[in-house]
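Here's the structure we're looking at; comments come further down.
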Amino acid sequence: AYNASVASIATHTAYNSSTGVAAALNGDAMARGISRDMRALASANVADLKAAGIALNKDGTLKLDEAAFDAAMPKDPQLAARLFGTESTSFAKRMESMFESVLASNGALASRSDGLTSRTKAIAKERSALDLRMESVEARYRAQFTALDTLMTQLNSSMNFLSQQLGL
């Protein structure tokens, strides 16, 4: 699950320099913060992870060496508890707590979603108001153009009449 989370964040925050296309969350502060918090939790437990045969890869994922894990568990029975136990200080519980705060109904993700929904509605309302203003401007310009065209026709008529009267 940890590796899947790291991969998902990497995918959704990626930037493809050859195509110039950025993923939907590229540059997103919340996604970067979650990724940073995950790395910090893993780094804080790196000694226990390493002792259990779990390596922290350069891309942020974890890799399990099953042979090292199987060898480490009998040597240090508390290692599994420190990593995967139910105590609030275990790596797994701290990771779970971090994700619960992000994913809770009143958490960061819900707040962000509500904020974006609100902003989307405000933009739609502003766009509708702009469309109405543009329709009004268009109607005004059409009326002005029609009045100008009528005036030009009258002036041309007057010019033709004067030209005939003056013999030009």
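Odds and ends about this structure:
- Single condition S163 does not satisfy, out of (1) polar (S, T, N, Q); (2) part of a helix (DSSP H, G or I); (3) open to solvent by 90 Å² or more (accessible area, probe 1.4 Å): (3)
- Condition met for A44 (more than 19 Å from E96 (Cβ to Cβ) and small (G, A, S)): no
- Among the candidates M38, M73, M95, M30, the residue that is in contact with a helix residue (DSSP H, G or I) (Cβ under 8 Å, 6 or more places away or on another chain) and more than 18 Å from V6 (Cα to Cα) is uniquely M73.
- Scope segment 1-43; condition within 30 Å of P74 (Cβ to Cβ) and part of a loop (DSSP other than H, G, I, E, B); matching residues: A1
- Residue match in segment 44-54 (condition: part of a loop (DSSP other than H, G, I, E, B), farther than 19 Å from K93 by Cβ and open to solvent by less than 80 Å² (accessible area, probe 1.4 Å)): yes
- Filtered residues of segment 58-88 (kept if open to solvent by less than 60 Å² (accessible area, probe 1.4 Å) and part of a loop (DSSP other than H, G, I, E, B)): G60, T61, D76, G85
Residue-by-condition table, conditions (1) among the hydrophobic types (A, V, I, L, M, F, W, C); (2) out of contact with any Pro (no Cβ under 7 Å at 6 or more places or on another chain); (3) more than 16 Å from A44 (Cα to Cα):
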position	(1), (2), (3)
P74	no, yes, yes
A80	yes, yes, no
R94	no, yes, no
G107	no, yes, yes
I123	yes, yes, yes
E126	no, yes, yes
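- From the options E100, E96, E126, residue that is modelled with pLDDT of 95 or more, acidic (D, E), in a helix (DSSP H, G or I) and open to solvent by 50 Å² or more (accessible area, probe 1.4 Å): E126
- Residue in segment 73-92 that is touching a Phe, Trp or Tyr at 6+ places or on another chain (Cβ under 6 Å) and closer than 28 Å to I9 by Cα present: yes
- Scanning segment 1-43 for residues that are touching a Gly at 6+ places or on another chain (Cβ under 8 Å) and either surrounded by 15 or more Cβ atoms within 10 Å (Cβ to Cβ) or in contact (Cβ under 8 Å) with a residue 40 or more places away in the chain (or both) yields V6, A10, T13, S35, M38, A42.
Quick grid of which residues meet (1) touching a residue at least 40 places away in the same chain (Cβ under 8 Å); (2) more than 22 Å from the chain's Cα centre (by Cα); (3) farther than 22 Å from G33 by Cβ:
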| site | (1), (2), (3) |
| --- | --- |
| A104 | no, no, no |
| S113 | no, no, no |
| S118 | no, no, no |
| K125 | no, no, yes |
| M134 | no, yes, yes |
| Q154 | no, yes, yes |
| L162 | no, yes, yes |
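The values are calculated or read from the model by the stated rules, or taken from the named source; none is laboratory data. From a predicted model like this one, the values you see are computed outputs, not experimental measurements. Positions of Cβ are generated from backbone atoms using ideal geometry, with glycine treated the same way; all protein chains shown enter the neighbour counts. Please note that ligands, DNA and RNA were not included when accessible areas were found on the heavy atoms of the full protein model with its side chains. Shrake-Rupley method; radii C 1.70, N 1.55, O 1.52, S 1.80 Å.
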